[in-house]
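Report on the structure given below.
Computed from the coordinates by the stated procedures, all read-outs in this text should not be read as laboratory data. Since we're looking at a predicted model, the values are computed, not measured. Glycine gets a Cβ as well: all are built from the backbone with ideal geometry, and neighbour counts include every protein chain shown.
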Amino acid sequence: MARLALGLDASTQSLTALLFDLDRSAVVLRDSLPFDALPGHGASRGVLPNPDPAIVHAPPLLWAEALDHLLGRLRAQGAPLEDVVAVSGSGQQHGSVCLAPDFGRRLAALDPARPLAAQLQGCLSRATAPIWMDTSTRAECVEIAQALGGGDAAVARLTGSAPFERFTGPQIRAFWKRDPQGYTRTGRIHLVSSFLASLLGGAEAPLDPGDGAGMNLMDIRTLAWAPAALEATAPDLLSRLPALAAPGAVLGRVSPFWARRHGLSPAALNVVWSGDNPCSLVGLGLLSPGETALSLGTSDTRFSPLADPGDSLSPEGHVFGHPAGGWMSLLCFRNGSLARERVMRHLGLDWAGFSAALEACPLGNGGGLMLPWFEAEIVPRVPCAGAWTRGIREEDPASLVRGVVEGQMLALRLHGDRLGGPPSRILVTGGASVNRSMLQVMADIHQCDVVPADIQDGAALGAALVAAHAWRSRREPRSWADLVAPLAPPADAAFRPRHGTAPVAAAMLEAYRAFETETLAGLAGRPGSAS
Ligand code: XUL
């Protein structure tokens, strides 16, 4: 009989399941259910329409139905769910599900003969869940920073992040202000991760420090709720929050509901879930500080394990718990592919032409620099759009393409090193990671190896590995490193920094730092667009 770990990933638009074979260290089955396949909840691509673009909510019962449907579909396909020894999951971060006080009792009484979502009608004290795309809580962020004293930096020092609109604390404060009666009716506020783990376990599940840190409510050092942050957010909040568990904690067995309904082994361990970013870190096998991931997507994201949350917490970045223990840093640069595509389209190029232009100009761009803030930027915080250039030859495609790519890499290094420390090696994922010339620029500027990591469904894989590790640790001591080693991408695919590029990169970084500092000082307090 195989021994399988089931990893689930509830992302914005779909629910994905992976079965990981513990003996073969390999993924043996994958299935993904787009939420659009379940049309009964009024959502499109996982979110509910709203006339106000700042308000982005999702219907929580859609997630419940998706879990029921996907496990049923796996069973119908003949997936050996009876061989599953442990289950864990990954959830889109920050989204909050408000539940009536009897939620836990109702979970324990679910009837396996009936669909799950129908039985949860009436459990919600708020019909919809604000998710990470919601930006409607600026006022609450300011109020929380004021109430805690010391501004954004103080909130970041306490909770690992400055108050952000999408974080759960500001969202809870907005709920309490806008609908005090709804707040009073709420017995428990789960995140997407702990809501789904509760459904799997048939009992209220705790949060792990990876997802708990995405709320502006947890003390990032002690990994316990921070009373001052709770106080600054909403009244009587502690009793409404789930417990916080250790990373990878075993919560018990999956509920008999799942065994009877879909044939999941009743002996399978129910392991605490985490957020999708912490799970992706595990899926990429990143365990030690220095090992860094760059995901090149619409936005570019940099994340790496951290030994210590440190004192130099950045009001632009985030520190979360690491599902394998310790901490992780995360920085999200809004102008990723967004900016690259803007330059590509402006020059009438395709990606091959973009790469050729990049290679036509040597490292350093003859002293030219670009601050690639085509849209308002998150890191550093730039409220107005504008691609600021110095010494870029506007009529020369090579100079412009190199300007945007080098500007992005220098920003990744400058701000990434500040929060996450210098990388020893970079694993690069996401659509743009196929652009080889860009990876060479990345290696030259960061002065470390850059390895393309073709890992599918990193968050679901990370969740499966968390489940696998929890199950193994109960039997034989097995290190995290042993578990992830067989999945490492081949090192011979690495891009290495080219000989002689270290001093060039160091000079570029200094010039970029100075240009950025000057430009930000000039922009301070200046609203509107700079482009
Ligand atoms: C992280 C964040 C997103 C969501 C996406 O802070 O908001 O990455 O986790 O699912």
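DSSP bridge analysis restricted to the chain gives an antiparallel fraction near 70%, rounded to the nearest 5. Remark: spin-label model distance Trp351-Ala507 equals 3.3 nm, labels positioned 7 Å along the Cα→Cβ axis.
For Ala385, the residues whose amide H sits under 5 Å from its own are Ala376, Ala530, ignoring neighbours fewer than 5 places away on the same chain, with H placed 1.01 Å from N. About the centre of its Cα atoms, the range 359-445 shows a dipole size close to 300 debye [charges on the beta carbon of Lys, Arg (+1) and Asp, Glu (-1) only; nearest 20 debye]. In whole angstrom, note down how far apart the Cα centers of the range 169-220 and the range 454-516 are. What the calculation gives is 31 Å, centre to centre.
Backbone geometry of the range 121-138 corresponds, through the Karplus equation with coefficients 6.51, -1.76 and 1.60 at θ = phi - 60°, to 3J(HN,Hα) couplings of 3, x, 7, 7, 8, 9, 5, 10, 10, x, 10, 4, 7, 6, 10, 8, 10, 4 Hz, x marking Gly and Pro. Axis angle, to the nearest 10 degrees, between helix 458-473 and the longest C-alpha principal axis of the chain: 50 degrees.
Any idea which of Ser314, His346, Gly297 is furthest toward the positive side of the dipole for the range 288-377, if Lys and Arg beta-carbons carry +1 and Asp and Glu beta-carbons -1? Value computed over the given set: His346. Net charge dipole, the chain: roughly 820 debye, given to the nearest 20, about the Cα centre with Cβ charges of +1 for Lys and Arg and -1 for Asp and Glu. The range 380-396 and the range 296-311 have Cα centres lying 24 Å from one another. Take the convex hull of the alpha carbons in the chain; its mean projected area over all directions comes to 23.9 nm². When the range 408-531 is described by a simple charge dipole with +1 on each Lys and Arg Cβ and -1 on each Asp and Glu Cβ, the residue from Ser433, Ser479, Phe515 located farthest towards its positive end is Ser479.
Note on Arg260 and Arg75: the model spin-label points, each 7 Å out from Cα along the C-beta direction, lie 1.1 nm apart. For the pair Glu231 and Arg45, label points projected 7 Å from Cα toward Cβ lie 4.3 nm apart.
The 3J(HN,Hα) values that the Karplus relation (6.51, -1.76, 1.60; θ = phi - 60°) gives for the range 6-14 are, in residue order, 9, x, 10, 9, 8, 9, 5, 10, 7 Hz. Gly and Pro appear as x. For the pair Met1 and Ala491 in one chain, pulling the backbone fully straight at 0.36 nm per residue adds 173.1 nm over the alpha carbon distance.
Rounded to the nearest 10 degrees, the inclination of helix 502-523 to the longest alpha-carbon principal axis of the chain is 80 degrees. Per-residue Karplus couplings for the range 324-330, computed as 6.51 cos²θ - 1.76 cosθ + 1.60 with θ equal to phi - 60°, are listed in order as 9, x, x, 10, 9, 10, 8 Hz, Gly and Pro entered as x. Mean sequence separation of contacting Cα pairs (under 8 Å, at least six apart), scaled by the length of the chain, corresponds to a relative contact order of 15 percent.
Within the shell of other residues whose beta carbon sits under 11 angstrom from the beta carbon of Ser280, the net charge comes to -3, with Lys and Arg scored +1 and Asp and Glu -1. Under the shape rule built on the C-alpha gyration tensor, where the axes satisfy a ≥ b ≥ c, the range 305-410 is prolate, since a/c reaches at least 1.5 and a/b is greater than b/c.
Scattering from the C-alpha atoms of the range 339-465 alone, worked out with Debye: what is log10 I(q)/I(0) at q = 0.15 1/Å? Result of the Debye calculation: -0.76. Give me Rg over Rh for the range 1-105, both radii from the alpha carbons and Rh done the Kirkwood way, two decimal places. That ratio is 1.03, to two decimals. Here Ala118 and Ala37 are evaluated by their C-beta separation; at R0 = 22 Å the FRET efficiency comes out at 0.80.
Spatially, the range 234-249 and the range 72-87 are offset by 31 Å when compared through their Cα centroids.
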